[in-house]
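First comes the structure, then the notes that go with it.
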Amino acid sequence: MKVKIIRLFDDGFQTLGQLLVFDGLDKIFECKTLELSWKDNKSQISCIPVGIYQVKKTYSNTFQKELFQVMNVPNRDGIRIHAGNYVSQIKGCILPGQSFYDINKDSLKDVTSSQKTLENLEKLLSPDFELQII
């Protein structure tokens, strides 16, 4: 399977994207993503650079459970794909969700149904896969 995140919009506060899973040429899953804005890959305040990364399911001490971890990010570690709705819940990680919607009425887009979307991804993806961010 091939997994891609296509970044659609970065407004200086947040980055909105689309995560696609392909089996061969067939798209079999799609969801939205929420990340921090690009700030030169600075730890805890920036999204990670565009590139190709290995992702492995590993235990997170912060979340006290196994989560997908984006490996070998230059000068960064602990980058996870985890549930959450708001950009304020991110320190460099990736939040998956069903759709974009301003849940808390702060004029920023949030992602909806994040926990359920993450569960669907976990059922679909192997514990070790390649992620391309463009």
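Selection over segment 84-115 of residues that are among the hydroxyl-bearing types (Ser, Thr, Tyr), at negative phi and not in a strand (DSSP E or B) gives a count of 5. Among the residues examined, Leu67 does not qualify as of a type in the set (A, V, I, L, M), at pLDDT below 95 and either closer than 23 Å to Leu124 by Cβ or touching a strand residue (DSSP E or B) at 6+ places or on another chain (Cβ under 8 Å) (or both). Scanning segment 7-29 for residues that are within 13 Å of Val87 (Cβ to Cβ) and among the polar types (S, T, N, Q) gives Gln14, Thr15. The residues of segment 52-83 that are within 13 Å of Ile133 (Cβ to Cβ), outside any loop (DSSP other than H, G, I, E, B) and open to solvent by less than 20 Å² (accessible area, probe 1.4 Å), listed by number, are Tyr53, Val55, Val70, Ile79, Ile81.
Every listed requirement among (1) within 21 Å of Val111 (Cβ to Cβ); (2) free of Cβ contacts under 8 Å to residues at least 60 places away in the same chain is met by Ile48 save one, (2). Number of residues in segment 98-111 that are of a type in the set (Asp, Glu) and open to solvent by 80 Å² or more (accessible area, probe 1.4 Å) equals 0.
In the set Ile133, Ile90, only one residue is touching a Pro at 6+ places or on another chain (Cβ under 8 Å), open to solvent by less than 80 Å² (accessible area, probe 1.4 Å) and of a type in the set (Val, Ile, Thr); that residue is Ile133. Contact map, segment 18-36: first residue of a type in the set (Ser, Thr, Tyr), second residue at pLDDT 95 or above, Cβ cut-off under 6 Å, separation 6 or more or different chains; pairs are Thr33/Ile5; Thr33/Gly17; Thr33/Leu19; Thr33/Ile94; Thr33/Pro96. Taking the stated definitions as given, is Ile6 in a strand (DSSP E or B), open to solvent by 70 Å² or more (accessible area, probe 1.4 Å), under 17 Å from Ile134 (Cα atoms) and of a type outside the set (Phe, Trp, Tyr)? So Ile6 fails the test. Each residue in segment 11-29 was checked for being open to solvent by 20 Å² or more (accessible area, probe 1.4 Å), of a type outside the set (Val, Ile, Thr) and either over 23 Å from Asp106 (Cβ atoms) or not in a loop (DSSP other than H, G, I, E, B) (or both), and 8 of them qualify.
Looking at Leu95, Leu121, which is the one that is under 12 Å from the mean Cα position of the chain (by Cα) and surrounded by fewer than 18 Cβ atoms within 10 Å (Cβ to Cβ)? Matching residue, one of Leu95, Leu121: Leu121. Quick one: would you say Lys32 is under 16 Å from Val87 (Cα atoms) and open to solvent by 40 Å² or more (accessible area, probe 1.4 Å)? Yes: the conditions hold for Lys32.
The values are calculated or read from the model by the stated rules, or taken from the named source; none is laboratory data. None of these values were measured; they are calculated from a predicted model. Neighbour counts are summed over all protein chains in view; Cβ atoms, including those assigned to glycine, are modelled from backbone coordinates with ideal geometry. These area figures cover heavy atoms from the full protein model, side chains too; ligands, DNA and RNA do not enter into them. Shrake-Rupley method; radii C 1.70, N 1.55, O 1.52, S 1.80 Å.
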